[in-house]
Amino acid sequence: MDSEIYADVIGSRALADPVTLAPALEAAVTDLNLLFGPTLAAPFAVVHTDAVQGTLADAVQAPLCVSVLRELVAPLEVRVGVALGGGAEEAFVAAWHADRLVHYRGVGVAGDLLLNAYCAMVEPLVRGRDAAEWEALRTVRRHPTPAAAAIELGIGPGELESRLRAGHWREVEDADATVAAYLALVAGPEA
């Protein structure tokens with residue numbers, strides 16, 4: 001089942017240096033399309049100058065895609081709507097009204113309630129990350145080993161592990177895997 005994603009930069013109109021927004025979003029779109037290319041139903045694109053939208057053919061990839069998108073644009077913060085079968089902008093509006101970073105819809109009333117409650121519990125871990133933790137997360141994602149990431153950052157492996165731990169990387173990755181497993185169960189074999 002398709003999973004549409006709509007992400008809007010929080011506070012984009014109040015940015016101190018708004019000229020950095022367009023290049024950051026264009027770079028994120030390029031990376032998302034490259035990384036998730038095999039599972040795209042519709043490529044990611046910048047919309048409304050401060051938002052990103054695309055559709056994954058494999059709904060199970062949505063939680064990872066949301067995390068990667070956050071890492072790509074950090075320290076900018078995005079609010080995301082994820083909708084199985086379409087309607088991601090409406091899911092985004094629900095996230096905005098609830099002051100949440102992500103809102104899922106499309107797996108039924110009970111499923112939507114469960115996913116959004118679970119994501120709300122994980123959200124403080126994401127919101128609490130600082131610039132060094134976001135940088136560590138982005139760098140680790142690009143390298144085959146943590147040692148290679150540490151070399152690029154110019155820090156030791158212990159410092160890298162400290163940044164990842166402080167950014168709750170493993171906990172958020174586990175949460176993404178849990179949401180993906182749930183989506184695989186409820187979306188059926190075509191997910």
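A few notes on this one:
- In region 1-28, residue surrounded by the most Cβ atoms within 10 Å (Cβ to Cβ) [restricted to those that are modelled with pLDDT of 90 or more, aliphatic (A, V, I, L, M) and under 20 Å from LEU84 (Cα atoms)]: ALA7
- Tallying residues that are surrounded by fewer than 12 Cβ atoms within 10 Å (Cβ to Cβ) and farther than 26 Å from TYR182 by Cβ within region 29-47 yields 1.
- Tally of residues being of a type in the set (D, E, K, R) and in contact (Cβ under 8 Å) with a residue 24 or more places away in the chain across region 87-113: 2
The values are calculated or read from the model by the stated rules, or taken from the named source; none is laboratory data. On a predicted model such as this, the values are computed, not experimentally measured, just so you know. For neighbour counting, all protein chains shown are included, and Cβ atoms are generated from backbone atoms with ideal geometry for every residue, glycine included.
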